[in-house]
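The values are calculated or read from the model by the stated rules, or taken from the named source; none is laboratory data. Since the model is a prediction, treat every value here as computed from it, not as a measurement. Virtual Cβ from ideal backbone geometry, glycine too; neighbours counted across all protein chains shown.
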Amino acid sequence: MDLAFALISGAVLTGTATAIYLGQIPPGGRWFFRAQFVDYDGQILVSKSETVLLSAFVNNGSSPGWLKQNLQFDPVFSPINSGERKQWEKIHGKRQR
C-alpha cells in the first residue's frame, strides 16, 4: 500500500510526500501512517497538501489486482500560512488538530 500526497506551494505542485506499507491489512483492519516532508527547502515553501493517490495490491481471492484511487483530505497547512487556514476554516468550519 502506498499513499502519495500532493505538496502545493501557492497554486503550484512542488512534489509528493509518501507513506508506504509492505505488509497485509486484513479486511476491516487499519493502517496508521506518517508521510514526512520538508516544508521549506530554502527556495520553495510548501503551503498545503490536500489530495492523495492511494495505490494498493488487492487480493480478494477471485480477482486480485492493483487499485489506484484519488482521495481528498482536509488540507494540511504549514504553520506559516495561517491566513489561508483561517479562510478555509471560515468556509468549512474548524477541524480537529
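Residues of the stretch 47-73 that are modelled with pLDDT under 90, surrounded by 12 or more Cβ atoms within 10 Å (Cβ to Cβ) and either of a type in the set (Ser, Thr, Tyr) or in contact with a helix residue (DSSP H, G or I) (Cβ under 9 Å, 6 or more places away or on another chain) (or both): Ser47, Lys48, Ser49, Thr51.
Checking each residue in the stretch 33-46 for being in contact (Cβ under 8 Å) with a residue 24 or more places away in the chain and either basic (Lys, Arg) or part of a loop (DSSP other than H, G, I, E, B) (or both) picks out Phe33, Ala35, Phe37, Asp39, Ile44, Val46. Among the residues of the stretch 6-32, those identified as under 25 Å from Lys86 (Cα atoms) and part of a strand (DSSP E or B) are Ala6, Leu7, Ile8, Ser9, Val12, Leu13, Thr14, Gly15, Thr16, Ala17. Residues that are surrounded by 15 or more Cβ atoms within 10 Å (Cβ to Cβ) and modelled with pLDDT under 90 within the stretch 18-44 comprise Ala35, Phe37, Asp39, Ile44, listed in sequence order. Selection over the stretch 17-32 of residues that are within 13 Å of the chain's Cα centre (by Cα) and in contact (Cβ under 8 Å) with a residue 24 or more places away in the chain gives a count of 1.
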